[in-house]
Amino acid sequence: MKEGHLEPGRYRILNAASSDVVNIIRRRSTEEPTICTWNAHNSYTDKWLLVPVAEGGYYIRNEASGHYFSLARPSSVLNDGDPVIGSTTPTKWAIGKNDSSFR
């Protein structure tokens, strides 16, 4: 693995503020899945697949639902508190190393 590079594969994503895992839930089959943080419970809903994109970056796809980690309001800049959703349309993410973790 190259320094500062993540290999494609299955990951848990932690909320940097709370150390909870990022999870996807769907209350009804007719609604878009919601992305939230929750205590880790070793479920497929809290496992995410990093899929490399040819021109750089990653798509982040939930292993259980197949939905992509996406912005609720597409923007070129992600700000703290911006809502995210599970979507059938992928969003490309840049993931960089910060200290001993990736963000």
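Could you say whether any residue in the stretch 16-32 is over 21 Å from Thr89 (Cβ atoms), open to solvent by 50 Å² or more (accessible area, probe 1.4 Å) and among the hydroxyl-bearing types (Ser, Thr, Tyr)?
yes
Of the conditions (1) more than 13 Å from the chain's Cα centre (by Cα); (2) open to solvent by less than 50 Å² (accessible area, probe 1.4 Å), Thr91 fails just one. Which one is it?
That leaves (1) as the condition not met.
Please indicate, with yes or no, whether at least one residue in the stretch 53-66 is within 14 Å of Thr91 (Cβ to Cβ) and touching a Lys or Arg at 6+ places or on another chain (Cβ under 6 Å).
Within the stretch 53-66, one or more residues are within 14 Å of Thr91 (Cβ to Cβ) and touching a Lys or Arg at 6+ places or on another chain (Cβ under 6 Å).
Which residue pairs have Cβ atoms closer than 7 Å, lie 6 or more positions apart in sequence or on different chains, and pair a first residue in the stretch 62-81 that is within 15 Å of Tyr44 (Cβ to Cβ) with a second residue that is among the aromatic types (Phe, Trp, Tyr)?
Note: pairs meeting the criteria are Asn62/Trp48; Glu63/Tyr44; Glu63/Trp48; Ala64/Tyr44; Phe69/Trp48.
Filter the stretch 80-102 for residues that are closer than 20 Å to Asp20 by Cβ and in a strand (DSSP E or B) and give the result.
Matches in the stretch 80-102: Val84, Ile85, Gly86, Trp93, Asn98, Ser101, Phe102.
The values are calculated or read from the model by the stated rules, or taken from the named source; none is laboratory data. Everything quoted here is computed from the prediction, not taken from an experiment. Neighbour counts run over all protein chains shown; Cβ positions are idealised from the backbone, glycine included. With ligands, DNA and RNA removed, areas are computed over all heavy atoms of the protein, side chains included. Shrake-Rupley method; radii C 1.70, N 1.55, O 1.52, S 1.80 Å.
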